[in-house]
1. May I ask you to order A:260-273, A:122-135 by the average number of other C-beta atoms within 10 Å around their residues, highest value first?
2. Taking a probe of 1.4 Å and counting only protein heavy atoms, give the total accessible area buried between chains C and A in Å², rounded to the nearest 100.
3. In square angstrom, what is the accessible area per residue of region C:29-230 with a 1.4 angstrom probe?
4. Total Å² of accessible surface buried at the B-A contact, 1.4 Å probe, nearest 100?
5. Please tell me the relative contact order of region A:182-296 in percent, rounded to the nearest whole number, where contacts are Cα pairs under 8 Å and at least six residues apart.
6. With unit charges on the beta carbon (Lys/Arg positive, Asp/Glu negative), name the residue among B:V198, B:L319, B:I85 whose Cα is farthest towards the positive pole of the charge dipole of the protein assembly as shown.
7. Place a +1 charge on the Cβ of each Lys and Arg in chain A and a -1 charge on the Cβ of each Asp and Glu, then give the dipole magnitude about the Cα centre in debye, rounded to the nearest 20.
8. Helix-derived [θ] at 222 nm for the protein assembly as shown: sum -39500 (n - 2.57) over DSSP H runs of at least 4, divide by residue count, nearest 500?
Amino acid sequence: MYTFLNKKLRYMLRQKEDEAQKKQPDNEEKLITGNLTADLELIREMMGTSSDIKVHEFKYGENSSQKGALLFIDGLVNNDVVTQSILKPLILSKSLNNYQAGEMKNTLDIVKQTVIYSGDIVERHTIGELIEGCLSGDTVFLSEGFDKALVISSKGWDKREVSEPQTEPVVRGPREGFTENFRTNTALIRRRIKSPHLRMDHLTIGKKTDTNVCVVYLEGVANPDIVDTVKVRLKTISTDSIIDSGYIEQYIEDHPYSIFQTIGYSEKPDVIASRILEGRIAVVVDGTPFVLTMPMLFVESFQTAEDYYIKPYFASMTRLMRFFAFFLTVSAPAIFVALTTYHQEFIPTTLLLTIAAAREGTPFPAFLEALIMVFAFEILREAGLRLPRPVGQAISIVGALVMGEAAVSAGIVGAPMVITIAITAVAGFVVPDQNDAASILRLILLFLASVLGAYGLVLGFLGILIHLASLKSFGVPYNSSLAFLKNMQDSYIRMPLWTMTKRPESIAKGDIQRKQYNTPPSSEIVNNAGSMEDN
Amino acid sequence: MKTQKASITPLQFMFSITCFLRSSSLLSSFFAPISKTDSWLVVLIASVVCLPFLWAFIMLMKAFPGKNLIEINDAVFGRIAGKIISAIYLWFFLTLTSLNLRDLGGFVGKSIMLKTPQIVIITVFILLCAWAVSLGLDIVTRYSVVFVILSSIILVVTIAATSNHMRLSNFLPILRQPMKNIIQSTNIVSTIPFGELVIFLMIMPQVNIKPKKLGRYFLPGFFLGAFLITLVVARDIAILGNTITIFAQPSFETLRMVSFFEVLTHMEILFAILLIILFFFKISLLFYVSMLAMSYLFRLDSYKPLILPSAAIIVVYSLIIFKSKTKHLEVGRETAPFMWFIFEFLLPLLTLIIAYIRKLPQKEKDARSKEAASA
Amino acid sequence: MKLSRLLLCIIIIMVFLCTGCYDIRELESIAIVTGIAVDSTQHPNMIKFSVQIAKAEAIAGKGGGEKGGGSGQNSPVMMMDATAYDLEDALHSLRHDNSRELFLHHNQVVIFGKALAKQGIGSYLDALLRGHESRLEVPFVVADGDAKEILETELELEKISAVGIQRMIRHKAEISKLFGTNMLLFAAKMMENTASSVAPIIKVMDEEKTKRLSLTGLAVFKDDKMVGELNEPQSRGFAWLMGKIKASTITIDTKKGKAELEIISSSSKIKPNFNDGQKLDIKAEIEGFFDITELRGYENIEMEELLDLLVRMTKQEIQKLIMSCFKTCQNLNTDIFSFGEYIRRHHPNQWEKLRPRWDDIFPAINLSLEIDVTIEDTGKISLPPNLKGEKA
């Protein structure tokens, strides 16, 4: 019943949408007439009277006999390019002088070939295409008497420099981060993988925003089925706006109802490059420094770029520590509540006495106390995040130190609880990728622990495990490398790089071999020429 | 049938067997009072005694690749007889599920949730299992390797931590119990955890494994599981000595003795948690097998609609099956081993013999090879 | 599909809400019991059951201090007792007579009064083993007198006396594991049928103004009744015979001087000799390793000679300790050495014959000792410093 209604409703909506689409395309399809004033009028009509749209009408050619117009959007174009490479040559060029007014039929070709200094000029015939070019930062050159126009690349808006990413700082490793600029980003990837097999397939998504999206993958390494799936899913996105890669993520992920992320992201080109080399597919979206990668494994949240740049021992240790930290941040308050309200027998005697002394006289039951503290922490975190940085710091000091201390000494909450929440909070930042999921899991486990004690806690964990096992990211089991299915050399611990001869089998397909042998580097390998001489 | 699609890897299959056996270590309270300090030997003896029957399982799996127990019954005994036998098996699977659920309820109720009523513990647990089962076999078996490794680590750590309480002389004298006790104990061990491996006949078609290599995964999994149980029982005997006979949960009491640096002393909660996890694995697997058997028996496309009603039946069944814990122990010691013997050993052997007489596997193979040729 | 899922979710949430927190037990609602003392009363069938409860606030220090003001009366523990027919009864009456729930998991020690121990403690032990809340590794001791008095004695170093007693026993057990016993070991011994158990005896020493607790010797049980005592040297003899003594010293006092030897390790091997099942001879091979920690006197003596003398004297000393202990036990007819169990384990065939008459055989056992003493190290110096001059 409900399902039926739902379907019906959707069908009706779809129909309306289709009708709306049918009505739209009148002006866009219109051809250029050749009558400069009429064309410009039409364009003005379509684009309105926005102040940043510049229409520059001028005369060029022999004796300035020819009428022309440049159309561009101020701010999106590089003014130097427009004046020096387009306008100046047009007006001053001598190559147009030899033609009579009557022989002007191929003027536009001559302009294109010999006058304008640009590597990217295309001819367009409809008004719609002109506007599109104009909106993406190109300059449109219209000329009296021609039913086509030139769209000259002149993109040059102000953009952020390539700088160290805020979210993923490293001690050792490249400090470059992606920027909001689409081309810069693809170039950063291309610079790291100088292989002819690196493919960048371009798409535009969003009816209103027309956002550039690029699917980047290594042909022969990435699984072609997954590549096709990604492309198909991207193409089926029907929305009018894509503002950030987060939009794309939510439109194409496998499990929209899950609290876990099944699509990875990174701000660092080196991370993205290494993922592409493992056979993953990256999606670069214009206007955001966050590049998506898919398929994603759960273990990816626990890997950082630096793991691979330092020696494997410490990397493995920190990897294990991150798992432990995730466990802590998810379960510390729940464990505390379960132990102090259900299973006091499992707390060492002296510790129990200390905790009991701290609880003495606090007004709330342990569960409520934990809940209050967890929420207080989330509020503080949010406040610290949203406020301007200097104020944010003040907030955290007031919140954490003053309020915490005051609450404890006033006997409203027990000090052990404050310590637990503090550990929870700090541990949460160790695995930033899953922090959102952790916040929710923490509450669920807290609830279970307060209702069923350790039993509820175990069931909660089993539930999480079941859920993780049921997740798939583009057909790849999400937790495959944690459940000892595949690719164990890079999961709980990181094996030395020379042992990783193969790309992850669950992801890559085709050219699976990274290198031939897994022999360690050896001190035996010396300069052969030198030793020959000795002999 | 749609539900057949999911496939599990050979490694998962192997560790599923180990994990399944390992999760039965609580049952030591059935046989420890009978064979006393020889219980660890009994486990070893039972694992040898079981080999011919395991061979029968493996032969059946090899003879009918791609068919589960219900289909094999149909093929070997014919439509009607096969259906009847399958129905009895379905009852057997459901009973096993209920019994294990009851064991879990009893354990949790005795160890960590003293005042919570059984029904709450059981209902919550079966809901979790139902969720896992509804997601499919590979979800149920996914973590078998992790669970085995986890339990092995805990086992090793507890052995190390309790080594100062251990007295090797507790094992002496060896095999001085009356022969009858040893045989009874062996029977219990071989039917209750070991013979239950018959359920793997149900999920065989979903294992991604060549019939030839079956033994290579089945047997190591079995021996690893048997070895782990032996270790657990031996550890408990070494620590508790002859008092092992008086405790309802020897392992739980053993872990009470663990202490690290005299601070972390109450480690039995680790055991409780581990056991709940292992029980989750076992009950989910049994539940899944019951559901699969049911869907085959009633020729349904999917077992999913059956899950919640069956869960309700199992909960009620496990609550009313025995009047009390003492009754449960009595049946576990005296009745069940003989009843189970029929399902776990006699029927499979019978199936194998009849199949051999009717030369069924041969026909099957021919048909398959013809199919392959025509394809 | 969606609706049914929603319903399912609601049902599951309801199930969890209906679980009802049966076991919930907030920390401030429990009274943490740290010690248990059981005494006999005037009435032959009744016992006095006392518990020591830790007052968390007073123990944590600052909380109690601030609130207490200056009233010196905030003792970290309080005592409660009840008189009843059995242990469970007593526990129940204590439970219902209290603002907080008694919480026995963290009990540190169980003390039985001497009088009660003589009546038999089996049924109380059963109750303690059977109950979910009691722990097997809890040490238990016999009070030389009133058990409650022991618990009430305040210790200088420990805030909670039960914790202190537990630590005392643990410390004592460093000399020999046999000096401490817990519920599990005691029960295991009781189940051996022929074996007898021992438990440390604790005593209040009145010293001028302060009271002090001291562990003096071992109580010997026959089945579940205390029948006798071993004093301190005898209990050492017990440990020597079992080969489980270390970290203790032995003093050799001769005419020439005095020596203090530290026991590094010891071992013993028991070899029974069955004389056609009529009489039992037991030969015990005992080995001890020592370090010299102190020498006094011993003038004009060569090193070899001195060592020889010490070895001889040590052997005598050990022999004396063991025999004194063994004779006492034979008189009590208590096989605390588990000789019977040893034979059952290692010579099961002979055991079948001996078993019915064990009570007659044990007092008649002829124990012969073969003691081997090795002095491993003389410390940083060899002979006492006052000899150095003469030698050089």
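The values are calculated or read from the model by the stated rules, or taken from the named source; none is laboratory data. What you are looking at is a predicted structure, and each value in this text was computed from that prediction instead of being measured. As a convention, Cβ positions derive from the backbone with ideal geometry for all residues, glycine included, and neighbour counts pool all protein chains shown. These accessible areas exclude ligands, DNA and RNA; they are computed on the full protein's heavy atoms, side chains included. Shrake-Rupley method; radii C 1.70, N 1.55, O 1.52, S 1.80 Å.
1. Final packing ranking: A:260-273, A:122-135.
2. 2500
3. Accessible area per residue, region C:29-230: 43 Å².
4. 2500
5. It rounds to 32 percent for region A:182-296.
6. B:I85
7. Computed charge dipole of chain A: roughly 720 debye.
8. -15500 deg cm²/dmol
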